[in-house]
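This report concerns only the one structure given below.
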Amino acid sequence: MRKIVLIMVLVLSFSSLIFSQNQVKKSLPPWLFDNKRFSMDHSIGFSYSSYDGSLRSLYNNYFTYRVSPQLTLIGTVGYYNKGLRMSSFGSMLHGFGFEYKPNSNLLFHFHYEGVTPIKKTSGSKQ
C-alpha cells in the first residue's frame, strides 16, 4: 500500500512539472470549474448481528457535477467492510452515471455500479 501511495505522489508531482512547462494556448472556460456546479455528499453506516457477532460497515461518497440545467454527471466511490476477522476483506464500490432532463416531462437516468473485492495478495503483511 505504501508503494502505491509513493508511486501516485511521484506521478502527480512529475506530471505537474511536465504540464507546467507546456503553455496552454487556449484557456478553459471559467464556467467549467465553477464550484456552484459541483456537490459532494458522504454517508457512513454500521450494523451488528448478535446471531453470529459480525460487524459490517459501509462508507459512500456521492458527487455530482451539473454540466447544464438539463445534464448532470454522477459519481460514487465507497468501501464496504464485512467484519473484524483477519480473514475478512472489504470491497471497493464505484459507479458513474448521468441524468438528462430535456423537458419537465422526460428524464433519462443511467447509472453503473461496480464492486471490486479487496483480497490479500500472497506475501502481503496486511
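Structure summary
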item: Residue order, fewest to most beta carbons within 10 Å, for Tyr112, Tyr79; result: Tyr112, Tyr79
item: Order of Glu113, Glu99 under a 10 Å beta carbon neighbour criterion, fewest first; result: Glu113, Glu99
item: Convex hull projection area averaged over all views, segment 28-117, Cα basis, nm²; result: 8.6
item: Within-14-Å neighbourhood charge of Val77 [Cβ basis; K, R +1; D, E -1]; result: -2
item: Under the Karplus curve 6.51 cos²θ - 1.76 cosθ + 1.60, θ = phi - 60°, whole-Hz ³J(HN,Hα) for segment 71-79, x wherever Gly or Pro sits; result: 10, 10, 8, 10, x, 9, 9, x, 9
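All of the numbers you see were taken from the coordinates with simple rules; none came from a lab. This structure is a prediction, so every number in the text was calculated from the model and none was measured. For neighbour counting, all protein chains shown are included, and Cβ atoms are generated from backbone atoms with ideal geometry for every residue, glycine included.
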